[in-house]
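This report concerns only the one structure given below.
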Amino acid sequence: MPCKKRYLLYGSERYALAILRPLQDAIRARGDEAAWFFDGPGAEDLIEGERLLDVAQVRAWQPIAVLTPGNHLPHFFPGVKVEVFHGFDAGKPRHIYIRGFFDLYCTTGPRDTRQFRALADRLGHFAVTETGWPKLDPFMREIAGGLPAVRRPPVILYHSTFSPSWSAAETLYEEVKRLSRDGRWHWIVTFHPKMGAETRARYQALQNDYLRFAENDNILELFPQVDLMCSDTSSALSEFLLTGKPVVTFKNRRPGPQLIDIDDPAEFEPAIERALARPAELMAAIRDYADAIHPWRDGRSSERVLQAIDAFIEAGARNRRRKPLNLWRKLKLRRRIGYWGPA
């Protein structure tokens with residue numbers, strides 16, 4: 001009987017669970033083994049049957065690959081180092097970080113793949129394979145089929161990022177408050193986990209028969225429940241556009257024809273009305289955008305990631321050049337984890 005392959009799922013935030021659990025399912029479906037390591041929040045949310053390891057156990061367990069949605073991982077862990085990303089490019093100042101930790105990047109769609117392959121060609125110390133995003137696997141299977149009609153009354157998801165310079169939560173508070181009182185539309189509000197406590201509390205206090213504040217760790221769970229998303233500059237809006245439904249944004253950092261972007265709170269209500277009408281040119285732009293960022297609609301991105309790792313290992317598990325020494329970042333990561341043993 002062949003030996004089972006072992007994969008380590010590595011997280012620094014709770015959102016790693018939603019991104020990596022579909023990979024865990026795909027690993028187990030192969031008859032292989034998965035375990036977890038956290039150097040931040042998340043370990044406390046593991047469930048029965050999910051295995052948590054410490055540093056010594058990871059090194060003894062000898063995984064063939066370490067997969068993470070973050071921008072770093074311990075160089076002293078065994079296995080191929082793989083990044084699967086924590087979100088889409090939302091137009092914030094930096095989306096692509098090449099920090100010298102990874103052997104393989106598994107990209108989400110053509111737009112990002114082109115950028116990463118250009119860097120791989122120039123730098124030579126990592127490989128790139130387009131696989132789609134594992135987090136979306138259950139979601140893609142759930143939304144398979146045609147676009148549903150708008151509900152009566154329509155349901156709006158309001159979501160904001162946490163950074164004060166990008167968030168519209170305070171600017172649009174009075175409009176959300178006003179529009180959530182007459183029952184014409186129903187609202188679900190959810191925020192980035194790092195949203196300020198005061199802003200979060202203000203919106204929680206708005207809850208009534210027509211507005212509820214959701215605490216879901218995985219925002220994808222809310223998407224099938226709504227007809228429209230309102231946001232600002234959040235990577236979650238790209239995930240939402242994959243449903244084919246419209247998004248209204250406030251001062252988005254990278255507006256385009258796939259969004260209805262406004263810069264004045266007085267435009268908020270008319271923009272929502274236009275989005276709910278689903279004009280043909282907007283819906284076509286949404287489809288084009290979705291194909292550029294994530295054309296994979298089969299819910300099998302996790303399997304493609306595992307296939308990419310197999311292919312990388314079978315090809316020798318080496319890139320054209322060695323990864324940079326990265327001594328300062330490695331030192332900071334050792335301090336963070338509290339490990340000072342051999343690499």
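Scanning the stretch 230-260 for residues that are farther than 21 Å from Trp296 by Cβ and among the aliphatic types (A, V, I, L, M) yields a total of 3.
Picking from Leu306, Leu327, Leu331, which residue would you name as being in the same structural domain as Arg59 (by TED's automatic domain parsing) and under 17 Å from Leu67 (Cα atoms)? When all the criteria are applied, what remains is Leu306. Scoring Arg51 on the criteria (1) touching a residue at least 12 places away in the same chain (Cβ under 8 Å); (2) closer than 13 Å to Leu8 by Cβ; (3) out of contact with any Phe, Trp or Tyr (no Cβ under 7 Å at 6 or more places or on another chain) leaves a single failure, condition (3). Counting just the residues of the stretch 249-274 that are part of a loop (DSSP other than H, G, I, E, B) and either out of contact with any strand residue (DSSP E or B) (no Cβ under 6 Å at 6 or more places or on another chain) or basic (Lys, Arg) (or both), which one comes out surrounded by the most Cβ atoms within 10 Å (Cβ to Cβ)? Across the stretch 249-274, the extreme among qualifying residues is Gln258. Restricted to the stretch 293-328, and to residues there that are part of a helix (DSSP H, G or I) and aliphatic (A, V, I, L, M), the residue that is farthest from Met140 (Cα to Cα) is Leu327. Of everything in the stretch 5-45 that is among the basic types (Lys, Arg) and modelled with pLDDT of 95 or more, the residue that is nearest to Lys81 (Cα to Cα) is Arg6. For the stretch 196-216, filtering for residues that are touching a residue at least 24 places away in the same chain (Cβ under 8 Å) and surrounded by fewer than 19 Cβ atoms within 10 Å (Cβ to Cβ) leaves 12.
Within the stretch 26-47, restricting attention to residues that are in contact with a helix residue (DSSP H, G or I) (Cβ under 9 Å, 6 or more places away or on another chain) and within 19 Å of Ser301 (Cα to Cα), the residue that is surrounded by the most Cβ atoms within 10 Å (Cβ to Cβ) is Ile27. Restricting the first member to the stretch 104-115 and to residues that are free of Cβ contacts under 8 Å to residues at least 60 places away in the same chain and of a type outside the set (Val, Ile, Thr), and the second to residues that are surrounded by fewer than 24 Cβ atoms within 10 Å (Cβ to Cβ) and in a helix (DSSP H, G or I), the beta-carbon pairs closer than 7 Å and six or more apart or on different chains are Tyr105/Phe116. Can you find a residue in the stretch 279-288 that is under 24 Å from Val128 (Cα atoms) and not aliphatic (A, V, I, L, M)? Yes, the stretch 279-288 contains a residue that is under 24 Å from Val128 (Cα atoms) and not aliphatic (A, V, I, L, M).
Of Pro246, Pro255, Pro265, Pro295, all but one fail to be touching a Leu at 6+ places or on another chain (Cβ under 9 Å) and farther than 20 Å from Asp227 by Cβ; the exception is Pro265. Within the stretch 301-329, the set of residues being out of contact with any strand residue (DSSP E or B) (no Cβ under 7 Å at 6 or more places or on another chain) and farther than 23 Å from Arg122 by Cβ comprises Ser301, Ser302, Glu303, Arg304, Leu306, Gln307, Asp310, Glu314.
When the stretch 248-288 is filtered for residues that are in contact (Cβ under 8 Å) with a residue 40 or more places away in the chain and in contact with a helix residue (DSSP H, G or I) (Cβ under 6 Å, 6 or more places away or on another chain), the ones remaining, listed by number, are Pro265, Phe268, Ile286.
The values are calculated or read from the model by the stated rules, or taken from the named source; none is laboratory data. On a predicted model such as this, the values are computed, not experimentally measured, just so you know. Cβ: placed from backbone, ideal geometry, glycine included. Neighbour counts: every protein chain shown.
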